[in-house]
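*Asks:* Please see the structure below; I have some questions.
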Amino acid sequence: MSRMNQDGPPRRRKTCGFCADKVDHIDYKDPNRLKKFVTERGKILPRRISGNCASHQRSLTVAIKRARDIALMAYTADG
């Protein structure tokens with residue numbers, strides 16, 4: 001089935017939360033904000049699910065990895 005024949009209204013594109021808040025720097029020392037972009041298993045959410053723009057997704061990934069390096073966030077889920 002092609003995409004044009006699907007029922008229902010077309011889906012709206014997610015907007016980048018960082019662009020909406022006009023954030024220019026994503027701080028790795030704020031794990032509460034970074035946890036929204038990580039699954040329970042510890043995987044970083046992809047851009048198409050999180051709704052981030054490309055530049056903020058790249059800086060978010062770097063911030064999450066830095067937070068993991070200095071043990072502010074866990075690499076994997078407990079278990």
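*Asks:* Enumerate the pairs (first residue in segment 50-75 and over 18 Å from LYS14 (Cα atoms) and in contact (Cβ under 8 Å) with a residue 24 or more places away in the chain; second residue anywhere and hydroxyl-bearing (Ser, Thr, Tyr) and part of a loop (DSSP other than H, G, I, E, B)) with beta-carbon separation below 7 Å, excluding pairs fewer than 6 apart on the same chain, so at least 6 apart or on different chains.
*Replies:* Matching pairs, first to second residue: ALA63/TYR28; ARG66/TYR28; ALA67/TYR28.
*Asks:* Just name the residue that is surrounded by the fewest Cβ atoms within 10 Å (Cβ to Cβ) out of those in segment 27-53 that are of a type in the set (S, T, N, Q) and in contact with a helix residue (DSSP H, G or I) (Cβ under 7 Å, 6 or more places away or on another chain).
*Replies:* Result: SER50.
*Asks:* Residues in segment 40-51: is at least one under 9 Å from the mean Cα position of the chain (by Cα), among the polar types (S, T, N, Q) and at pLDDT below 95?
*Replies:* Yes.
*Asks:* Restricting attention to segment 55-63, does a residue exist that is under 26 Å from ALA77 (Cα atoms), among the charged types (D, E, K, R) and surrounded by 10 or more Cβ atoms within 10 Å (Cβ to Cβ)?
*Replies:* Filtering segment 55-63 for residues under 26 Å from ALA77 (Cα atoms) gives 56-63.
The next check asks that each one be among the charged types (D, E, K, R); those that pass are 58.
From what's left, surrounded by 10 or more Cβ atoms within 10 Å (Cβ to Cβ): 58.
Looking through segment 55-63, at least one residue is under 26 Å from ALA77 (Cα atoms), among the charged types (D, E, K, R) and surrounded by 10 or more Cβ atoms within 10 Å (Cβ to Cβ).
The values are calculated or read from the model by the stated rules, or taken from the named source; none is laboratory data. What you see is a predicted model; the values in this text were computed from it and never measured. All Cβ positions, even for glycine, are placed from backbone atoms using ideal geometry, and neighbour counts span all protein chains on display.
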